[in-house]
Structures are given as C-alpha cells and as structure tokens.
Amino acid sequence: MRQRQASQDARRAREFEAFVAGAGGRLLHAATLLTAEAPDDNPRARRLLTLSLAHTYACWDRLRGEDPYDRTRRYLATRFAHGAWHQYGGLGGARPHPSSPLAALAPQERLVLVLRLYEGVAEEQTAALLGLAAERVHTICDRAAATLLHPPRGPAPAMGGAKVVAS
C-alpha cells in the first residue's frame, strides 16, 4: 500500500513539474504584467505565481480532465483581484514600476487587459471570473487599450518668449 502511494506521489510530482516547466514562464509573465513590476525585479509577481501554483498542486488529483493552466490562471487572476480590492493601489500599496508597459493602468484595467488580450480569455469568461457584466469588461478593456495607445499628456509647455510684466 505504501509503495503504491509513493508511486502515485512520484507520478503526481513528475506531472506537476512538467506542467510548471511548460507553463511557468508564461504564467510568470502574466503575473508580472498584473503587478506592473519590472521583468527582472518582480517579487510580488513571483509570490502571486507561487501561491497560484501551490493551489493548483494541492488540487492536482481532483482536476479530472480540467486544464491545469486554466485553473492556475483563474486562481492567479482572482488572487490578484482580491489583493487589489482589499488593498487598493495594486497588490499591496506598492506603486507600479515606471518601465512596466501597464504602469499607467489601474489594477482592474490591468487584470482585464491581461486576461483578454494577453491570455485570450473570452469576454464572457472574463466577466464570469470577475463577477462583472460582459459590457463592463468590454468597456474596461477598451478604456485600458485607449490609455495605452494614447497616454495622457503631461502639463502643457510654457509659452516661450512672451513674458507678463506686472505694473
């Protein structure tokens, strides 16, 4: 009996290691985009991914044909959303890294944009995952994409040459 359990545990570990080897890089990139950290300095993204992979490993035997990548991505998204909801300002109070491509977006906008455009999750699935109406997901995605394509401009430059003299 012990030998059978050890054999099952070894098989489970091999399967999970193969899954992480194949999907870990993409999931880490998605987590880095969500947390808006620099790709080479992303401790919050790594923590988020570690929690998601731990959750997936804990329920590995109960997946029964379910896609482990989808399960991990869903948990990653809900964990990020939960953290952003309870501690507004991203995951925790940390500010996005200025070099992050999604630094200009709010956490919810980053989440919707990453799920819809980077991960290719359907609008209806994203809405169900986040508990939003599909129209709201569409609006958030459009607004986030517009912000990235047409970033807000800084303050207007001072008018050169003309000086106001007070009398």
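The values are calculated or read from the model by the stated rules, or taken from the named source; none is laboratory data. A quick note: this is a predicted structure, and the numbers were derived from the prediction, not measured. Every residue, glycine among them, receives a Cβ derived from its backbone with ideal geometry; neighbour counts consider all protein chains shown. The protein model used for the area step is the full one, side chains on, heavy atoms only, and it has no ligands, DNA or RNA in it. Shrake-Rupley method; radii C 1.70, N 1.55, O 1.52, S 1.80 Å.
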>> Looking only at the stretch 52-75, count every residue that is part of a helix (DSSP H, G or I), surrounded by fewer than 15 Cβ atoms within 10 Å (Cβ to Cβ) and of a type in the set (A, V, I, L, M) and tell me the total.
In response: 2
> Among all residue pairs at least 6 apart or on different chains, which show Cβ distances below 7 Å where the first residue, located in the stretch 32-50, is at positive phi and the second is part of a helix (DSSP H, G or I)?
Replying inline: Ala36/Arg110
> Assuming Leu149 fulfils every condition listed in (1) modelled with pLDDT under 95; (2) under 18 Å from Ala30 (Cβ atoms) apart from one, which condition is it?
Replying inline: (2)
>> Cβ contacts < 6 Å: first residue at negative phi, restricted to the stretch 62-85; second residue open to solvent by 30 Å² or more (accessible area, probe 1.4 Å) and among the aromatic types (Phe, Trp, Tyr), any location; separation 6+ or different chain. Result?
In response: none
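So that you can scan it fast, the table gives a plain yes or no per residue for (1) touching a Ser or Thr at 6+ places or on another chain (Cβ under 8 Å); (2) closer than 25 Å to Pro98 by Cβ:
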{"position": "Ala18", "(1), (2)": "no, no"}
{"position": "Ala21", "(1), (2)": "no, no"}
{"position": "Leu33", "(1), (2)": "yes, yes"}
{"position": "Glu37", "(1), (2)": "yes, yes"}
{"position": "Leu51", "(1), (2)": "no, no"}
{"position": "His55", "(1), (2)": "yes, no"}
{"position": "Arg64", "(1), (2)": "no, no"}
{"position": "Tyr69", "(1), (2)": "no, no"}
> Are any of the residues in the stretch 15-31 charged (D, E, K, R), open to solvent by less than 80 Å² (accessible area, probe 1.4 Å) and over 13 Å from the mean Cα position of the chain (by Cα)?
Replying inline: yes
> Could you say whether any residue in the stretch 129-146 is at pLDDT 95 or above, closer than 27 Å to Trp60 by Cα, out of contact with any Phe, Trp or Tyr (no Cβ under 7 Å at 6 or more places or on another chain) and surrounded by fewer than 16 Cβ atoms within 10 Å (Cβ to Cβ)?
Replying inline: no
> So Ser7 clears everything in (1) at pLDDT 90 or above; (2) open to solvent by 60 Å² or more (accessible area, probe 1.4 Å); (3) of a type in the set (Gly, Ala, Ser) except one condition, right? Which one?
Replying inline: (1)
